[in-house]
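Chemist: Structure provided below as structure tokens; questions to follow.
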Amino acid sequence: MELYNEKLEAEFQSKIDSGQNIEAKDWMPEKYRKTHIRQISQHAHSEIIGMLPEGNWITRAPSLKRKITLLAKVQDEGGHGLYLYSAAETLGISRAELNEQLNSGRAKYSSIFNYPAVTWADMGAVGWLVDGAAIMNQVMLTRTSYGPYARAMVRICKEESFHQRQGYEIMLTLSKGTEVQKRMAQDALNRWWWPSLMMFGPRDEESVHTEQAMKWKIKLKSNDELRQQFVDQTVPQAELLGLTIPDPKLKWNAERGHYDFGDIDWEEFKRVVAGKGPCSYERLKTRNEAWDKGAWVREAAMAFAEKQQEKSLKEAS
Amino acid sequence: MNYQYLLLLADNPLILGHRLSELCGHGPTLETDIALTNIALDLFGQVRNYCQYAAELHGEGKTEDQVAFLRYEHEYRNVLLTEQPNHDFAWVIGRQYLFDAYHLPLLTQLSDSKDSRLAGIAMKSIKEVRYHHRFSSEWVKRLGGGTEESHQRMQAAMDQLWSYTGELFLETEDEKAMKEAGVGADYGKMRPHFDADVQQVFHEAGLVIPEGPWHRTIGKNGVHSENLGYILADLQYMQRTYPNMEW
Amino acid sequence: MNKDWPLWEVFIRSKSGLDHRHCGSLHAADAKMAIENARDVYTRRQEGVSIWVVPSSQITASDPEASGELFEPALDKVYRHPTFYDLPDALKHM
């Protein structure tokens, strides 16, 4: 049995190495399955929790156009959560279980959504920075080894492309606006910049999953590589807005061909990951309330479907 | 075309869309959440069409956002039905269905309007609203015929919401004038469609059509329930706090 | 109760003339709801003109472990492909 598993595992790895996808019913090591359930569901939970900070602003959006585009964006996030839950379900876990993991606080999701969205400019900063950071990860994941995950990511990336542009456009409008608006934009950048850098996860030397994840192509670039890429692409975008990135150490390094940047507050990172973010409690509370309030609706729809089925069986006999 | 008549048409989808958008991220399942948001998006699209038309009609550089956001409470002309809160999912579905049952024949009539721009807006909207009606009427039947609890909740929501349907067909001065000009809808002709629709759906859902509707204030004339003030506090927040800015 | 609505597989025809293609899955209590949810979830950007939904439990899939015996025998049947036949270049329309 041991030998048999070793042989299967070698075949499995060579399949991944040669660039083939693993599909739901293919043999896979138990650890691969578990890691994928964890990562895909965390990703899905992040989309669902991610609906909340922006969702808070839909009713207060300043114009009809902004209202519609924000609503469509938040809805997309729900769709993305759904695609990802579906991908996780192919690995033998149910939506109900996944949901239970989220609601009970056992599952993790992207800590960024535990920060508050306090002004309208946050809708711009979140789209520009948070979606910008997420897209880098997501583009990479379209080439991941697990087929259903990769396909979900292709779909998501196609749809996400408007999100970042929408966010940047909001920032652009603010930065061309009145003094109050410019201040609002700068304030949002100040608050979202560091949490956005934290989105890429701990430093490579402290990242526990990186090596295995690279082997399985769940990750193709390391946390630090992606973070650097993000900084490099974002600095000129901030300049274009006339905004200042809140990092006195930020400086172009001609030798490296990259921007140097200051130290991330890893204590804050750990605290927020551990569930002590500014809005951690509120986010989970909101999710639980929605889920609990929906229980009778889900039950009713199921009961109705069963009754209808019985009825059509009776009519047929 | 009468400016006030356009506001009457615009404010219903505006306020109902607002209520639906409060639910985004809070639905009973992810699938249902996405479906309700689609309805809200359709409604806001219609609002833009009406408000753009109204802004042009008004002239003096008025914009669609000024029309939608910058009026006093008594200048909003939506029916009271649309401003009712999301007490529970039965209220959401009941409110949606009753409005759809009215909205569908309304748009059918408006698509024959002598005002070709209005007819164009109605023709585009009618396909969207046919889907809303399909969605909401099926959910009324699901909840009405689901479990005992869902049946009770659906009936209880309808018992309250029904009282607001009287206003739907009450003709205001503006509506009368537009009807006579061949521009607006004729409620006399719409009513039988609404009644037949409601009778069928309530019957299939195993629900009782409540008594009444009894007399309420008239949102169409700008006399609203307590709900509208709170809605406007959200809706107008940015425009009021930061006046005269581009967003 | 913590029971999911059943899972459905969704197939979408992106425009007339093309096959329905699998595009994902979703949960719904019944077939009608599955069609509507599919419309709302998977055609938000004009991705489709027609939808099929099938309960996931109704799909029978081939066993990946048997893929050798199922699919490899076709590998050497090259005579099924037009390029197997050597014909003069002068020949047209064949």
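Chemist: Do we have A:R60 as touching a residue at least 24 places away in the same chain (Cβ under 8 Å), open to solvent by 10 Å² or more (accessible area, probe 1.4 Å) and within 13 Å of chain B (Cβ to nearest Cβ) here?
Modeler: yes
Chemist: Still on this structure, please answer the following. Quick one: would you say A:S46 is within 14 Å of chain B (Cβ to nearest Cβ), farther than 22 Å from A:S161 by Cβ, of a type outside the set (F, W, Y) and outside any loop (DSSP other than H, G, I, E, B)?
Modeler: no
Chemist: Which condition number in (1) touching a residue at least 60 places away in the same chain (Cβ under 8 Å); (2) closer than 24 Å to B:G222 by Cβ; (3) buried (at least 16 other Cβ atoms within 10 Å of the Cβ) is the one that B:Y187 fails?
Modeler: Looking at each condition in turn, B:Y187 falls short on (1).
Chemist: Still on this structure, please answer the following. Please pick out the residue among A:M51, A:M28 that is surrounded by fewer than 24 Cβ atoms within 10 Å (Cβ to Cβ) and either assigned to a helix (DSSP H, G or I) or more than 7 Å from chain B (Cβ to nearest Cβ) (or both).
Modeler: Only one candidate qualifies: A:M28.
Chemist: Okay, moving on. Output yes when any residue across the stretch A:102-111 is free of Cβ contacts under 8 Å to residues at least 24 places away in the same chain, open to solvent by 10 Å² or more (accessible area, probe 1.4 Å) and not hydrophobic (A, V, I, L, M, F, W, C), and no when none is.
Modeler: Checked against the condition, which is being free of Cβ contacts under 8 Å to residues at least 24 places away in the same chain, open to solvent by 10 Å² or more (accessible area, probe 1.4 Å) and not hydrophobic (A, V, I, L, M, F, W, C), the stretch A:102-111 yields at least one hit.
Chemist: In the stretch A:282-290, is there at least one residue being facing chain B (nearest Cβ under 8 Å), in a helix (DSSP H, G or I), surrounded by 13 or more Cβ atoms within 10 Å (Cβ to Cβ) and more than 19 Å from the chain's Cα centre (by Cα)?
Modeler: yes
Residue by residue, here is whether (1) in a helix (DSSP H, G or I); (2) small (G, A, S) holds:
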| residue | (1), (2) |
| --- | --- |
| A:K249 | no, no |
| A:Y259 | no, no |
| A:E267 | yes, no |
| A:K270 | yes, no |
| A:A301 | yes, yes |
| A:F304 | yes, no |
| A:E315 | yes, no |
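Chemist: Let me ask something additional. Based on this model, can you work out whether B:Y237 counts as of a type in the set (S, T, Y) and out of contact with any helix residue (DSSP H, G or I) (no Cβ under 9 Å at 6 or more places or on another chain)?
Modeler: Yes, satisfied.
Chemist: Specify which of the listed residues (B:L70, B:L41, B:L57) is surrounded by fewer than 23 Cβ atoms within 10 Å (Cβ to Cβ) and under 30 Å from A:Y85 (Cα atoms).
Modeler: B:L41
Chemist: Out of all the residues in the stretch A:92-112, which are of a type in the set (D, E, K, R) and not in a helix (DSSP H, G or I)?
Modeler: Selection gives A:R106, A:K108.
Chemist: Here's another thing I want to ask about it. Report those helices (runs of 4 or more DSSP H) wholly inside the stretch B:184-247 carrying at least 1 residues which are of a type outside the set (A, V, I, L, M, F, W, C) and more than 22 Å from B:L80 (Cα to Cα).
Modeler: Filter on the stretch B:184-247 gives B:187-205, B:237-241.
Chemist: For the stretch A:160-212, give me the residue count where each residue is among the basic types (K, R), within 14 Å of another protein chain (Cβ to nearest Cβ) and not in a helix (DSSP H, G or I).
Modeler: Result for the stretch A:160-212: 1.
Chemist: Picking from B:R95, B:R153, which residue would you name as being part of a helix (DSSP H, G or I), open to solvent by 20 Å² or more (accessible area, probe 1.4 Å) and of a type outside the set (S, T, Y)?
Modeler: Residue meeting the stated conditions: B:R153.
Chemist: Here's a follow-up. Please find, within the stretch B:8-26, the residue that is farthest from B:V223 (Cα to Cα) out of those that are facing another protein chain (nearest Cβ under 7 Å) and open to solvent by less than 10 Å² (accessible area, probe 1.4 Å).
Modeler: The extreme case among them is B:G25.
Chemist: Okay, next question. Counting only residues that are among the acidic types (D, E), open to solvent by 90 Å² or more (accessible area, probe 1.4 Å) and within 10 Å of another protein chain (Cβ to nearest Cβ), how many does the stretch C:28-72 have?
Modeler: Final tally of qualifying residues: 1.
The values are calculated or read from the model by the stated rules, or taken from the named source; none is laboratory data. Nothing here was measured: the structure is a model prediction, and the numbers come from that model. Please note: Cβ atoms are built from the backbone with ideal geometry, for glycine as well, and neighbour counts cover all protein chains shown. What goes into the accessible areas is simple: the full protein's heavy atoms, side chains included, and nothing from ligands, DNA or RNA. Shrake-Rupley method; radii C 1.70, N 1.55, O 1.52, S 1.80 Å.
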